[in-house]
Amino acid sequence: MPTVILVRHGRSAANTSGTLAGRTPGVKLDETGVKQAEAVAQRLAELPLAAIVTSPLERCKQTAAAIAKHHAEHHPEHVLRPATDRRLTECGYGDWTGKKIATLAKDPLWAVVQQHPSAVTFPNGESMRGMQQRAVDAVRAHDAELAKSHGNNAIWVAVSHGDVIKAIVADALGQHLDTFQRIVVDTASTTIITYTATRPFLVRLNDSGSELASLVPKPTAKGKPKKQSSDAVVGGR
């Protein structure tokens, strides 16, 4: 199956103010966030992306727009317009939305979020299990569609949010959701997963600086992309 590059949006004012933005409308990238979006867009620019899909929230759409702009500059023959998928949106934090993290840390529910997130449904909001399920479903659905239209070696980008990406990674690793707080996903970082017939492979996690050209499959002696395998190479690869 194709390879998905999960990109967390660039930094927003909510990130620096210690506020849980959640699905608050109009939260945009701050000056640093804009620079971060440009930087990750430049890193992705030379990849032959098959699609760019984004959360509908503004900070993700800004990040996706930067990626699409740089892709068009390098691939004028294949201009991509970011598609929106609500399943990639931020967790529905309900009554927690817009509140200070310092205040929320005093709420008894905070400890449950940290230690037993699979049991959490935010007041007047979404469950964390529900968040993980719809996000994983979205990635797998886009993977299947792109495999049909662009082949199994397709590479695509999904722009989303920290908790959402962490939940997708936990699923790919076969971890219980209750362990997902051990995963770190920084703003404007790339996390890369290749799904195969029998297992996903976590290729990179929370990557903010390494080259990405090696993601493009190398052609075989016959000039065709090498067929993917679901097997892990014994001893490493």
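The values are calculated or read from the model by the stated rules, or taken from the named source; none is laboratory data. Because the structure is a prediction, the values reported are computed rather than measured. Cβ: placed from backbone, ideal geometry, glycine included. Neighbour counts: every protein chain shown. Surface areas here come from the heavy atoms of the whole protein model, side chains and all, with no ligands, DNA or RNA. Shrake-Rupley method; radii C 1.70, N 1.55, O 1.52, S 1.80 Å.
With unit charges on the beta carbons (Lys and Arg positive, Asp and Glu negative) and the dipole taken about the Cα centre of the stretch 3-209, which residue among Thr179, Leu205, Pro123 sits farthest to the positive side?
Pro123
What are the residues whose amide H is under 5 Å from the amide H of Val53, where those residues sit 5 or more places off or on another chain and H is modelled from the backbone?
So Val53 has HN proximity to Ala83, Val157, Ala158, Val159.
Using only helices, what value at 222 nm comes out for the chain when you add -39,500 (n - 2.57) per DSSP H run of length 4 or more and divide by the total residues, to the nearest 500 deg cm²/dmol?
Value at 222 nm, helices only: -10500 deg cm²/dmol.
Mind checking which of Ile155, Ile168, Ile101 has the largest fluctuation in a GNM of the chain, springs on alpha carbons under 10 Å?
Ile101
If you stretched the chain out fully between Ser118 and Ser149, how much longer would it get, using 0.36 nm times the residue separation minus the C-alpha to C-alpha distance?
Between Ser118 and Ser149, full extension yields an extra 7.6 nm.
Do the alpha carbons of any pairs in Lys28/Lys69; Lys28/Lys166; Lys61/Lys166; Lys35/Lys99; Lys35/Lys69 sit beyond 24 Å of each other, and which pairs?
Lys35/Lys99
Do any GluC sites (Glu not before Pro) in the stretch 43-77 lie in a DSSP loop with no more than 11 other beta carbon atoms within 10 Å, and if so, which?
Passing both the DSSP loop test and the Cβ count: Glu77.
Suppose every K and R has +1 on its Cβ and every D and E has -1 on its Cβ; what is the size of the dipole of the chain about the Cα centre, in Debye to the nearest 20?
It works out to roughly 380 debye.
Peptides 65-72, 156-163, 21-28, 10-17: what's the order by average Cβ count within 10 Å, highest mean first?
Top to bottom by mean Cβ count within 10 Å: 156-163, 65-72, 10-17, 21-28.
Taking the Cα-to-Cβ direction at Thr103 and at Ala39 and moving 7 Å from each Cα, how far apart do the two end points lie in nm?
Distance between the two pseudo-spin positions: 3.2 nm.
Projecting each Cα onto the charge dipole of the chain (Lys/Arg +1, Asp/Glu -1 at the beta carbon, about the Cα centre), which of Ser12, Ala65, Ala105 comes out farthest on the positive side?
Ala65
Gain in length, Val216 to His176, computed as 0.36 nm per residue apart minus the alpha-carbon separation, to one decimal in nm?
11.3 nm
Just the number please: accessible area per residue for the chain, 1.4 Å probe, all protein chains included, in Å².
Averaged over the residues of the chain, the accessible area is 49 Å².
Leaving ligands and nucleic acids out of the surface, order Met131, Met1 by accessible area at 1.4 Å, largest first.
Putting Met131, Met1 in descending order of accessible area: Met1, Met131.
So how compact is the stretch 3-209: Cα radius of gyration and Dmax in angstrom?
Answer for the stretch 3-209, Rg first and Dmax second: 16.5, 54 Å.
Taking the Cβ of Ala13 as the center, what net charge do the other residues with Cβ under 13 Å away carry, scoring Lys and Arg +1 and Asp and Glu -1?
0
Quick one: which residues, 5 or more positions from Lys99 or on another chain, have an amide H under 5 Å from its amide H? H modelled 1.01 Å from N in the peptide plane, none for Pro or chain starts.
Amide H neighbours of Lys99, under 5 Å, 5+ apart: Leu20.
Could you check how much of the accessible area of the chain is carbon and sulfur, as a whole percent, using a 1.4 Å probe?
It is 53 percent, rounded to a whole number.
Could you check which residue among Thr198, Thr187, Thr54 shows the biggest mean-square fluctuation in a GNM of the chain with a 10 Å Cα cutoff?
Of Thr198, Thr187, Thr54, the most mobile in the Gaussian network model is Thr198.
With r defined as the distance between the Cβ atoms of Glu73 and Glu31 and R0 fixed at 25 Å, what FRET efficiency is calculated, to the nearest 0.05?
Calculated value: 0.65.
So, with +1 on the Cβ of K and R and -1 on the Cβ of D and E, and no other charges, what is the size of the charge dipole of the stretch 1-90 about its Cα centre, to the nearest 20 debye?
Using Cβ point charges on Lys, Arg, Asp and Glu, the stretch 1-90 gives about 300 debye.
For the stretch 1-64, just the Cα atoms, rotate onto the principal axes and tell me the three extents in Å, largest first.
Cα spread of the stretch 1-64 along its principal axes, largest to smallest: 37, 22, 15 Å.
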